[in-house]
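The values are calculated or read from the model by the stated rules, or taken from the named source; none is laboratory data. Because the structure is a prediction, the values reported are computed rather than measured. Here the Cβ positions follow ideal geometry from the backbone for every residue, glycine too, while neighbour counts run over all protein chains shown. Accessible surface areas use protein heavy atoms only, side chains included; no ligands, DNA or RNA. Shrake-Rupley method; radii C 1.70, N 1.55, O 1.52, S 1.80 Å.
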Amino acid sequence: MTEDIPEREARSYETPQGETIFITQRDGGFFAYQNICPHLQVELEFLENQFLDQDQEFIECSTHGALFNVETGECISGPCLGEFLTKVEIQIHSDGGIYLTE
């Protein structure tokens, strides 16, 4: 549900296929990515649901400090510069539900 993801925060979820994704909110928009850093294929967060940097401006990989643009998933700083997080397509329904699109 959209109310479970406050502005400039992120939450992780497990998909029916057993993959871990996370969803973050920025300026009322929701962005979803697989929870895998393109650098070493490790999960991004060290602590549960801690996907954003200290200023809550960028997605941050806790392993090597790589920073990613929230809206595009592009790595803008760190060892995977220019690579992208894998985007997950979602739909927001009028009831506030967040659903994966096939």
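One residue stands out in the stretch 35-56 among those that are of a type outside the set (A, V, I, L, M, F, W, C) and open to solvent by less than 50 Å² (accessible area, probe 1.4 Å): the one that is farthest from Met1 (Cα to Cα), namely Pro38.
Listed here are the residues, each with its yes/no results for (1) assigned to a strand (DSSP E or B); (2) touching a Phe, Trp or Tyr at 6+ places or on another chain (Cβ under 8 Å); (3) modelled with pLDDT under 95; (4) not basic (Lys, Arg).
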{"position": "Gln50", "(1), (2), (3), (4)": "no, no, yes, yes"}
{"position": "Gln54", "(1), (2), (3), (4)": "no, no, yes, yes"}
{"position": "Glu57", "(1), (2), (3), (4)": "no, no, no, yes"}
{"position": "Val70", "(1), (2), (3), (4)": "no, yes, no, yes"}
{"position": "Cys80", "(1), (2), (3), (4)": "no, no, yes, yes"}
{"position": "Ser94", "(1), (2), (3), (4)": "no, no, yes, yes"}
{"position": "Tyr99", "(1), (2), (3), (4)": "yes, no, yes, yes"}
{"position": "Glu102", "(1), (2), (3), (4)": "no, no, yes, yes"}
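Residues that are in contact (Cβ under 8 Å) with a residue 12 or more places away in the chain, open to solvent by 70 Å² or more (accessible area, probe 1.4 Å) and part of a strand (DSSP E or B) within the stretch 1-15 comprise just one, Glu7.
The residues of the stretch 57-91 that are touching a Ser or Thr at 6+ places or on another chain (Cβ under 9 Å), touching a residue at least 24 places away in the same chain (Cβ under 8 Å) and either polar (S, T, N, Q) or loosely packed, with under 13 Cβ neighbours inside 10 Å (or both) amount to a single one, Glu89. Here Thr24 passes the criteria (1) polar (S, T, N, Q); (2) surrounded by 14 or more Cβ atoms within 10 Å (Cβ to Cβ); (3) out of contact with any Ser or Thr (no Cβ under 8 Å at 6 or more places or on another chain); (4) in a loop (DSSP other than H, G, I, E, B) except the one numbered (4). Considering the stretch 57-73 alone, what residues qualify as being among the polar types (S, T, N, Q) and touching a strand residue (DSSP E or B) at 6+ places or on another chain (Cβ under 9 Å)? Across the stretch 57-73, the qualifying residues are Asn69, Thr72.
Look through the stretch 63-102, keep the residues that are of a type in the set (S, T, N, Q) and under 12 Å from the mean Cα position of the chain (by Cα), and return whichever of them is farthest from Gln17 (Cα to Cα). Even if it seems obvious, please write down each step before you answer.
The initial filter retains those residues of the stretch 63-102 that are of a type in the set (S, T, N, Q), namely 63, 69, 72, 77, 86, 91, 94, 101.
If we keep only those that are under 12 Å from the mean Cα position of the chain (by Cα) as well, we get 69, 72, 86.
Values: Asn69: 26, Thr72: 24, Thr86: 16 Å.
In this case the residue turns out to be Asn69.
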